[in-house]
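The values are calculated or read from the model by the stated rules, or taken from the named source; none is laboratory data. Keep in mind it's a predicted model, so treat the numbers as computed, not measured. Counting neighbours? That spans all protein chains shown, and the Cβs are built from the backbone with ideal geometry, glycine included.
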Amino acid sequence: MVRPLLPAKIPYFLAVGETLSFRKAAEKLGIAQPALSRSIRDLELQLGFTLFERSTRRVVLTPAGEVLYRESADAMQRLARATMHAERVAQGLSGTVSVGYSTFAATGPMSDIIIEFRKRHPQAQVGLRLLASSEQAAAFDEGTLDLGFMMSNVVGPLQQTIPISRERLVALVPTSHAWAANRAISMRTLSTAPLVIGSARRWRGFRALINGLMTDRGLSLTIAEEADDVPVLLQLVRSGFGCTILDASFIPTLPPGIAPLEIEDATATLDISLVWRKDNLSPLVARFVDVANAFMASHQEVPRRRHRQNRK
């Protein structure tokens, strides 16, 4: 039975196999030729078969030596590549960073930050996952998420953040509704209408934001329908099932049949932060955070986009 090779002997064997000269191999390795010869003899004794045929005029690989040289050279190349890859990962220059994002974050500067990160670190990968803010919070607890673009009011005590965007809240009503001719509406008036809103299961952070606004004024919501995603909510509004509340970033993409109204007394805003765990700042995550910090610093303040409400 062949015992496992000692890794230290493999470079010696490969050097002799490449040069087919003990003298040249010793010079290449920077060791004495007798020491090299002893290492090769020890390796042959360990293996139980001859690797080289030696004469005063030449050194050649035996058939078994040729197989070992070919396979060992390939293995050393793979090891070198693996070592380089591991080093890049250790330095945060390679690997995959798992990034969650909510529906509300998708309309902000998130994509610009990711694009900038990929430009600076082309060997790194970004694994994007569409998750509600509450789902991201759970993923952080489970250790399955590195970073998240999520609602700031859902951030936990063990997480660090960079403010990314701030949006005002707007009401969306069917264009056939009597309120559609107005430019603004109050929270009290809005509370009198049936509301279609994201489900409590997936829109926990958003529902908490809206409920807080209502509770501060002694008001309550009348929920007509719930849905998990924005397109379904908008279709429900168009069909006249009720009004809804979203942030202003959705105004440019509204389909026909829906009119946006300012909420004149909405004191809260929908804030998005880039989030990561304090105890999970890997080199790659740290580089992503550095890019995000630089991007936000170049904008000097948290972006707050304003949109015209076009009326036809």
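Any residue in segment 261-273 that's under 17 Å from C243 (Cβ atoms): show its pairings with residues that are among the small types (G, A, S) and surrounded by 21 or more Cβ atoms within 10 Å (Cβ to Cβ) at Cβ separation under 7 Å, as long as the two are six or more apart or on different chains.
L261/A171; I263/A171
Filter the strands (runs of 3 or more DSSP E) completely within segment 210-268 down to those with at least 1 residues that are in contact with a helix residue (DSSP H, G or I) (Cβ under 9 Å, 6 or more places away or on another chain) and farther than 21 Å from M151 by Cα.
223-227, 258-263
In segment 32-63, what count of residues is obtained for those that are out of contact with any Ser or Thr (no Cβ under 7 Å at 6 or more places or on another chain) and over 12 Å from K9 (Cβ atoms)?
Qualifying residue count, segment 32-63: 14.
Report the residue count in segment 221-238 for those that are in contact (Cβ under 8 Å) with a residue 60 or more places away in the chain and of a type in the set (S, T, N, Q).
Going through segment 221-238 one residue at a time, the tally reaches 0.
Among the candidates V155, V126, V170, V196, single out the residue that is β-branched (V, I, T) and in contact with a Cys (Cβ under 8 Å, 6 or more places away or on another chain). Explain how you work it out, then say what you get.
Details: V155 fails: in contact with a Cys (Cβ under 8 Å, 6 or more places away or on another chain); V126 fails: in contact with a Cys (Cβ under 8 Å, 6 or more places away or on another chain); V170 fails: in contact with a Cys (Cβ under 8 Å, 6 or more places away or on another chain).
None of the other options fit; the residue is V196.
Yes or no: R168 in contact with a helix residue (DSSP H, G or I) (Cβ under 9 Å, 6 or more places away or on another chain), of a type in the set (K, R) and surrounded by fewer than 15 Cβ atoms within 10 Å (Cβ to Cβ)?
Answer is no for this residue.
State whether one or more residues within segment 71-93 are under 16 Å from the mean Cα position of the chain (by Cα) and either closer than 17 Å to W276 by Cβ or modelled with pLDDT of 90 or more (or both).
Here is the first cut: in segment 71-93, the ones under 16 Å from the mean Cα position of the chain (by Cα) are 89, 92-93.
Checking which are either closer than 17 Å to W276 by Cβ or modelled with pLDDT of 90 or more (or both) leaves us with 92.
Yes: one or more hits.
Looking only at segment 148-161, count how many residues are hydrophobic (A, V, I, L, M, F, W, C) and closer than 8 Å to V275 by Cβ.
3
Mind counting the residues in segment 137-147 that are under 12 Å from the mean Cα position of the chain (by Cα) and either within 16 Å of I272 (Cβ to Cβ) or not in a loop (DSSP other than H, G, I, E, B) (or both)?
2
When segment 22-40 is examined, which residues are found to be assigned to a helix (DSSP H, G or I) and under 52 Å from the mean Cα position of the chain (by Cα)? Working first, answer last.
Filtering segment 22-40 down to residues assigned to a helix (DSSP H, G or I) leaves 22-29, 33-40.
The answer is F22, K24, A25, A26, E27, K28, L29, A35, L36, S39, I40.
Taking segment 101-136, which residues are more than 21 Å from A286 (Cβ to Cβ) and in contact with a strand residue (DSSP E or B) (Cβ under 7 Å, 6 or more places away or on another chain)?
S102, F104, G108, L130, L131, S133
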